[in-house]
Every structure is written in C-alpha cells, then in structure tokens.
Amino acid sequence: MSESIVTALITGLITLVGVIISNGKSQAVVETKVNELTREVREHNNFARRMPVVEEQIKVINHRIADLEEFHAPKG
C-alpha cells in the first residue's frame, strides 16, 4: 500500500476514536442535565399540587382570625 493511504487510514482511525470519546462525554453531560431537569420538574409539580391545599388552609385561618376579632371587638 501507498504510504499516503496508510497515513490517511491511521489519521481517520484516530479521528474516529476521538469523535467517539468526545460523543460519549457529551452524551454524559446531556444525560446529567436531563436528570437534573427531571428532578426540578418533579419538585415543581409537587409544589404545584400542594399549593391549592395551602391556599385553602389560609382561607380557613383568615376566617378564624376574623371570628376571633369579632368576638373580642369592643362592644360599643
């Protein structure tokens, strides 16, 4: 074989190995980011599910405070 063909094959092989390694690292970074985003979305969904419960509890508390204020208001 010609020396230039052998050189081209070796260079191509080294380039291919470099691309495969780089792609593997990029894939790992993307996977980590996706996992982090998934965790954040689950956390947000949990918060969004609990928020109506908290709002209802605040309404009840406000009514109880209003009742107490009426009960303890000076009679005039």
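Yes or no, residue by residue, for (1) outside any helix (DSSP H, G or I); (2) surrounded by 10 or more Cβ atoms within 10 Å (Cβ to Cβ); (3) under 25 Å from the mean Cα position of the chain (by Cα):
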site: GLY18; (1), (2), (3): no, yes, no
site: ASN23; (1), (2), (3): no, yes, yes
site: GLN27; (1), (2), (3): no, yes, yes
site: GLU31; (1), (2), (3): no, yes, yes
site: THR38; (1), (2), (3): no, yes, yes
site: ALA66; (1), (2), (3): no, yes, no
site: GLU70; (1), (2), (3): no, no, no
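Would you call ALA48 surrounded by fewer than 10 Cβ atoms within 10 Å (Cβ to Cβ), part of a helix (DSSP H, G or I) and not basic (Lys, Arg)? So ALA48 passes the test. From the list ILE10, ILE5, the lone residue that is of a type in the set (A, V, I, L, M), surrounded by 10 or more Cβ atoms within 10 Å (Cβ to Cβ) and without any contact (Cβ under 8 Å) to a residue 60 or more places away in the chain is ILE10.
We did not get these values from a lab; they are worked out from the coordinates using the rules stated. The shown structure was predicted, so the numbers you read here are calculated from the model rather than taken from an experiment. Ideal geometry is used to build each Cβ from the backbone, glycine not excepted, and the neighbour counts take in all protein chains shown.
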